[in-house]
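Quick notes on the structure that follows.
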Amino acid sequence: MKRIALVTGGSRGIGLGIATQLAANGFDLAINGIRSAGDVEDAIKQLKSFGNDVIYCRGSIASSAGREQIISEVKDHYHRLNILVNNAGIAPGQRNDILEATEESYDEVMNTNLKGSYFLMQKAANWMIEQKKNDAAFSGCIINISSLSATVASVNRGEYCLSKAGLSMATQLFAVRLGEFNIPVFEVRPGIILTDMTAGVKEKYDKMINEGLCLQQRWGKPEDVGKAVASLAKGDFMYSTGQVIMVDGGLTIPRL
């Protein structure tokens with residue numbers, strides 16, 4: 001029986017890179033996003049090319065109703081869930097200095113990146129506990145995709161940094177709480193990854209990378225993050241709950 005993975009924000013960017021690697025490793029998938037089904041047809045077709053089952057669960061994790069709908073669709077179709085990859089996230093609509101940032105932007109970012117992920121984790125965790133109680137052989141885990149912004153300050157997108165720092169603590173909290181059930185919780189912390197979210201700052205980071213920002217002088221790719229997530233999902237690090245996996249090309253190593 002194939003294991004089931006739910007990947008939020010899984011139809012594009014880092015999320016699609018994650019979903020692709022999970023598909024390549026034999027997982028059946030539930031892909032979540034807010035775009036219409038027609039807009040994600042190509043991504044779903046790509047994922048199904050690996051010979052696995054893929055469903056699209058449209059809905060926003062920022063709302064309680066959206067989270068309930070996503071989980072309900074996974075239950076109705078697969079009747080089980082082994083892996084939650086909390087990847088969905090948004091950047092501020094405008095990169096305002098923290099002295100000028102608005103409450104509206106703060107709420108929008110936090111509702112998706114932190115609140116939405118936190119309460120989706122809660123739903124998935126309770127379901128995984130139920131599955132574990134019903135089947136001692138059940139194996140599951142939760143993987144949160146944060147960002148180097150969890151610890152690297154960017155004063156022109158403070159709400160994003162706070163959301164990722166909060167998600168980092170949420171990883172530890174759920175790792176502690178789920179320890180008794182042997183359900184590990186991990187954080188994958190990407191660095192500068194080439195996606196549509198970073199397209200607007202590509203020229204800036206091209207220059208910084210060429211000047212030595214990262215030890216490995218290239219952009220990260222969605223597949224780099226995907227391979228790390230797939231390794232965790234397969235159970236290669238079952239005795240490392242609560243840990244952070246850096247996928248940043250060495251950017252955050254302190255240097256003189």
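Throughout, read-outs are computed from the coordinates displayed, never taken from laboratory work. Note that the structure is a prediction, hence the values are computed from the model and not measured. All Cβ positions, glycine included, derive from the backbone under ideal geometry; neighbour counts span all protein chains shown.
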Q: Arrange the peptides 243-256, 86-99, 22-35 so that the one whose residues have, on average, the most other Cβ atoms within 10 Å appears first.
A: 22-35, 86-99, 243-256
Q) Roughly how big is the chain's charge dipole about its Cα centre, with Cβ charges of +1 (Lys, Arg) and -1 (Asp, Glu), in debye to the nearest 20? A) 580 debye
(Q) Starting from the 7 Å offset along Cα-to-Cβ, what nm value, one decimal, do you get for the label separation of D76 and S64? (A) 2.1 nm
Q | Loop-located chymotrypsin sites (Phe, Trp or Tyr not before Pro) in segment 141-243 whose Cβ has at most 10 other Cβ within 10 Å (DSSP) | A | Y239
Q. For segment 142-186 and segment 70-88, what is the separation of their Cα centres, given in Å?
A. 20 Å
Q) For the chain, what's the relative contact order in percent, using C-alpha pairs closer than 8 Å and at least 6 residues apart? A) 20 percent
(Q) Could you order the peptides 71-81, 36-46, 161-171 from most to least packed, using the average number of other C-beta atoms within 10 Å per residue? (A) 161-171, 71-81, 36-46
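Under unit Cβ charges (Lys, Arg +1; Asp, Glu -1), what dipole magnitude, rounded to 20 debye, does segment 107-160 have relative to its Cα centre?
140 debye
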Q. If you compute percent of Cα pairs over 28 Å apart for the structure shown, which of [x] 35; [y] 38; [z] 30 do you land on?
A. [z]
